[in-house]
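Student: Before I ask anything, let me first share the structure, which is written out below as structure tokens.
The values are calculated or read from the model by the stated rules, or taken from the named source; none is laboratory data. None of these values were measured; they are calculated from a predicted model. Using ideal geometry, Cβ is built from the backbone for each residue, glycine included, and neighbour counts are taken over all protein chains shown.
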Amino acid sequence: MRKISLLIPAYNEEAVLHLMYERLVELIQTNSQYEWEVLFVNDGSQDNSLSILKDLNSNDSRFQYLDLSRNFGKECAMMAGLDNVSGNCVIILDADLQHPPEIIPQMIAFWEAGYEDIAAKRRSVTGETYFKKSSSKAFYRIMSQLANIPIQQDTGDFRLLDRVCIDAMKQMRETQRYTKGLYSWIGFRKKTMLFDQSARIAGESKWSFTQLTNLALEGIVSFTNAPLRISAILGFVMSFASIIYGICIFVDTMLWGDPVKGYPTLIIMILFLGGVQLLCIGIFGEYIGRVFNETKQRPPYIISEKNID
């Protein structure tokens with residue numbers, strides 16, 4: 001009997017865990033031809049999530065949990081889950097039920113057909129603002145142009161990964177992670193399916209605008225060196241423009257004897273070039289900072305407690 005693992009990162013999700021349990025039990029009962037394992041990764045929750053997970057485990061041994069020592073973030077929580085699942089495949093979904101468990105049988109059908117990475121692509125999103133939708137689409141378009149590998153468009157972490165994909169993902173040990181890009185980087189036979197993302201059942205999104213921005217920057221810096229090239233090109237263009245401007249001033253002075261003018265222009269140019277230099281230094285710093293963090297070789301997560309068969 002083939003074994004299917006469900007991986008669910010959870011951070012302060014006490015309001016939805018019982019409902020999640022009920023819907024997953026229904027899923028498991030209607031697909032009893034498989035062996036099931038449900039692994040919750042408690043990512044340093046400050047509410048009663050861990051207590052609820054312990055109760056679920058005591059009532060149903062198929063529902064297991066990892067408790068991280070603090071909030072390491074969803075990317076590292078998923079990494080901890082992938083390191084510990086034992087199924088022939090794993091399905092990653094959110095604890096807030098925005099990823100409906102009812103479409104999992106369709107993902108499994110594609111897996112049985114031979115696909116190794118089945119990603120659920122959002123056809124529609126309930127409850128998201130226009131700004132969030134448009135900025136998300138713009139980010140994926142930018143990534144597809146900058147990255148040196150094809151990046152799947154408008155797909156998230158809701159997906160099925162075959163064991164070969166799990167083993168490949170486990171080899172990626174960087175601590176500053178952009179998992180959505182890693183899915184594309186490892187390759188394998190991929191399939192995209194559409195689904196309608198539901199609104200949150202309870203609570204609020206744990207992703208603030210700042211966190212989403214940081215994740216977007218992480219993706220760009222992790223999968224392309226285009227910003228460095230843009231900095232070099234910008235420096236070349238500005239240097240070339242300054243030479244042309246200097247020649248124009250020299251010719252104007254020699255032919256017409258006009259004194260050098262433009263004190264306000266000079267100040268503006270100095271401020272503009274200073275801003276460009278600081279921007280380029282900041283881009284260099286982003287890359288150097290990531291190299292510095294990786295050289296520390298700190299573990300990406302620490303497990304405080306676990307109950308895994």
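Student: Residue check: is GLY44 under 17 Å from ILE308 (Cβ atoms) and assigned to a loop (DSSP other than H, G, I, E, B)?
Tutor: Numbers: under 17 Å from ILE308 (Cβ atoms): no; assigned to a loop (DSSP other than H, G, I, E, B): yes.
The answer is no for GLY44.
Student: Taking the stretch 36-70 only, how many residues are touching a Phe, Trp or Tyr at 6+ places or on another chain (Cβ under 7 Å), hydroxyl-bearing (Ser, Thr, Tyr) and without any contact (Cβ under 8 Å) to a residue 40 or more places away in the chain?
Tutor: 1
Student: When you go through ALA113, ALA120, ALA138, ALA109 one by one, which is the residue that is modelled with pLDDT under 85, loosely packed, with under 15 Cβ neighbours inside 10 Å and aliphatic (A, V, I, L, M)?
Tutor: Answer to the selection: ALA138.
Student: Collect the residues in the stretch 10-39 that are over 25 Å from ALA109 (Cβ atoms) and either touching a strand residue (DSSP E or B) at 6+ places or on another chain (Cβ under 6 Å) or in a loop (DSSP other than H, G, I, E, B) (or both), keeping them in residue-number order.
Tutor: Once the filter is applied, which keeps residues that are over 25 Å from ALA109 (Cβ atoms) and either touching a strand residue (DSSP E or B) at 6+ places or on another chain (Cβ under 6 Å) or in a loop (DSSP other than H, G, I, E, B) (or both), the stretch 10-39 yields ALA10, TYR11, ASN12, GLU13, GLU14, ALA15, VAL16.
Student: Let me ask something else about it. Would you say ILE166 is in a strand (DSSP E or B), modelled with pLDDT of 65 or more and touching a Ser or Thr at 6+ places or on another chain (Cβ under 9 Å)?
Tutor: It is false that ILE166 is in a strand (DSSP E or B), modelled with pLDDT of 65 or more and touching a Ser or Thr at 6+ places or on another chain (Cβ under 9 Å).
Student: Among what's in the stretch 176-189 and is outside any helix (DSSP H, G or I) and either buried (at least 18 other Cβ atoms within 10 Å of the Cβ) or small (Gly, Ala, Ser) (or both), pick the residue that is modelled with the highest pLDDT. Spell out the reasoning first.
Tutor: Taking the stretch 176-189 as the starting set, the residues that turn out to be outside any helix (DSSP H, G or I) are 176-178, 187-189.
Now narrow it down to the ones that are either buried (at least 18 other Cβ atoms within 10 Å of the Cβ) or small (Gly, Ala, Ser) (or both): 177-178, 187.
Details: ARG177: 76, TYR178: 75, GLY187: 80.
Among them, the one singled out is GLY187.
Student: Checking GLY44 against (1) under 23 Å from the mean Cα position of the chain (by Cα); (2) more than 19 Å from LEU161 (Cα to Cα); (3) at pLDDT 85 or above, which test does it fail?
Tutor: (3)
Student: Of the residues SER32, SER69, SER5, SER61, which single one is surrounded by fewer than 21 Cβ atoms within 10 Å (Cβ to Cβ), modelled with pLDDT of 85 or more and either β-branched (Val, Ile, Thr) or at negative phi (or both)? Outline the logic, then answer.
Tutor: Working: SER32 fails: modelled with pLDDT of 85 or more; SER5 fails: surrounded by fewer than 21 Cβ atoms within 10 Å (Cβ to Cβ); SER61 fails: modelled with pLDDT of 85 or more.
Going through SER32, SER69, SER5, SER61 in turn, the sole match is SER69.
Student: Give the stretch 276-309 a look and list any residue that's farther than 28 Å from LYS170 by Cα, of a type in the set (Phe, Trp, Tyr) and at pLDDT 75 or above, or say none.
Tutor: none
Student: Which numbered condition trips up LEU82, out of (1) in a loop (DSSP other than H, G, I, E, B); (2) within 21 Å of the chain's Cα centre (by Cα)?
Tutor: (1)
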